[in-house]
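Notes for the one structure printed next.
The values are calculated or read from the model by the stated rules, or taken from the named source; none is laboratory data. These figures come from a predicted structure and were not determined experimentally. Using ideal geometry, Cβ is built from the backbone for each residue, glycine included, and neighbour counts are taken over all protein chains shown.
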Amino acid sequence: MSVHVVTGAGPVGTTVALQLAEAGEHVRVLTRSGSGPEHPLVERRRVDVSRSDRLGAALAGAVTVHHCIHASAYAAAAWRAELPAAERTVLEAAGRVGAVVVFPESLYSYGRVTGPMTEETPRDADFGKPAIRAELLGARAASPTPTVSVAASDFFGPHVRGAHGGERLIPTVLAGRTMRVLGSADQPHSWTYVPDLAAAMIRAAATPALHDTFLLAPTAPPLTQRELVAAVAKAGGVPVPKVGVIPAGLLRAIGTVHGATREIAEMSYQFTAPFVLDSSRSERLLGLAPTPVDDAMRATVSWWAEQA
């Protein structure tokens with residue numbers, strides 16, 4: 001029996017697993033804790049995927065591996081220490097069973113850009129966390145195991161909590177409190193709906209002609225952070241709250257004495273100038289289109305209401 005393995009049970013891993021299971025596929029979710037979504041076709045196993053001695057049995061029968069784990073901290077040091085080794089281990093194990101490995105990817109590897117990001121835009125960032133993402137892409141390209149990397153911009157959607165479009169945004173807007181955004185409220189910024197990313201990963205895995213490629217998740221036209229706040233308010237049927245701004249310079253100043261803020265400040269350039277993804281080519285290759293923002297936001301707000 002063919003199995004689709006998903007490593008990690010964050011928003012992307014959970015959404016991929018549920019989409020596959022709802023399509024009638026058998027799914028095996030691997031996490032250190034044994035957690036994961038509940039579904040009759042989802043098997044949850046307690047596995048540390050960075051350990052090669054644990055992966056043989058866990059990947060038995062796998063045709064695809066959706067590698068969706070996170071590092072233990074949002075910090076360059078943690079990424080450097082954990083992610084390359086874990087990816088090597090998964091790629092080697094997947095290669096032994098003949099599975100393609102699909103990665104959800106960020107836009108970090110592009111670094112600072114001056115125009116819309118496409119599949120052809122150089123991904124050669126040479127500083128901090130972006131450089132690590134660029135190196136990971138290089139290692140995947142050099143691996144004999146087939147891979148697909150599907151890059152998305154900042155997430156929103158069901159199951160998304162720790163993101164700019166997650167718990168900082170949705171509950172704040174629905175409660176009518178002032179929403180303080182990073183960098184600028186009025187620069188265009190791309191936002192990717194997580195179910196669209198998951199659908200793209202699944203379609204790419206099932207399309208051998210797309211193996212060993214880099215794709216962009218179907219992503220709707222950009223919104224400013226002010227427009228994003230208004231979209232949440234509209235979906236929730238509440239008045240649009242006030243929007244304040246946390247200047248990037250303030251983050252950098254605080255970051256001189258606070259490590260976590262320093263890591264956020266490193267990426268603030270994504271919010272102080274246009275940061276736009278053009279996924280039109282990948283949409284054609286995948287045969288997929290982004291969910292309209294109003295529909296996506298209604299589903300997102302509905303999920304948050306269920307959590308409350």
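Overview of results
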{"read-out": "First in the range 180-207 and farther than 12 Å from His66 by Cβ and without any contact (Cβ under 8 Å) to a residue 60 or more places away in the chain, second anywhere and of a type in the set (S, T, N, Q) and surrounded by fewer than 22 Cβ atoms within 10 Å (Cβ to Cβ), Cβ under 9 Å, 6 or more apart", "value": "Asp186/Thr224"}
{"read-out": "Qualifying residue in the range 279-296 (condition: farther than 18 Å from Ala198 by Cα, modelled with pLDDT of 95 or more and either surrounded by 13 or more Cβ atoms within 10 Å (Cβ to Cβ) or in contact with a strand residue (DSSP E or B) (Cβ under 6 Å, 6 or more places away or on another chain) (or both))", "value": "no"}
{"read-out": "Any hit, the range 221-230, residues being over 14 Å from Ser279 (Cα atoms), within 20 Å of the chain's Cα centre (by Cα), part of a strand (DSSP E or B) and touching a residue at least 12 places away in the same chain (Cβ under 8 Å)", "value": "yes"}
{"read-out": "Of all residues in the range 249-308 being touching a Pro at 6+ places or on another chain (Cβ under 9 Å) and aromatic (Phe, Trp, Tyr), the one that is farthest from Phe156 (Cα to Cα)", "value": "Phe275"}
{"read-out": "Pair list, Cβ < 7 Å and 6+ apart or interchain, from the range 119-133 residues that are free of Cβ contacts under 8 Å to residues at least 12 places away in the same chain and under 15 Å from Leu216 (Cα atoms) to residues that are part of a helix (DSSP H, G or I) and not polar (S, T, N, Q)", "value": "Thr121/Tyr110"}
{"read-out": "Whichever residue in the range 98-140 is over 18 Å from His67 (Cβ atoms) and among the hydroxyl-bearing types (Ser, Thr, Tyr) and, among such residues, is surrounded by the fewest Cβ atoms within 10 Å (Cβ to Cβ)", "value": "Thr114"}
{"read-out": "Residue selected from the range 1-55 under the condition touching a Lys or Arg at 6+ places or on another chain (Cβ under 6 Å) and either under 15 Å from Val102 (Cβ atoms) or of a type outside the set (Asp, Glu) (or both), by the criterion surrounded by the fewest Cβ atoms within 10 Å (Cβ to Cβ)", "value": "Gly34"}
{"read-out": "Subset of the range 161-180 that is closer than 21 Å to Gly237 by Cα and of a type in the set (A, V, I, L, M, F, W, C) - its residue that is surrounded by the most Cβ atoms within 10 Å (Cβ to Cβ)", "value": "Val173"}
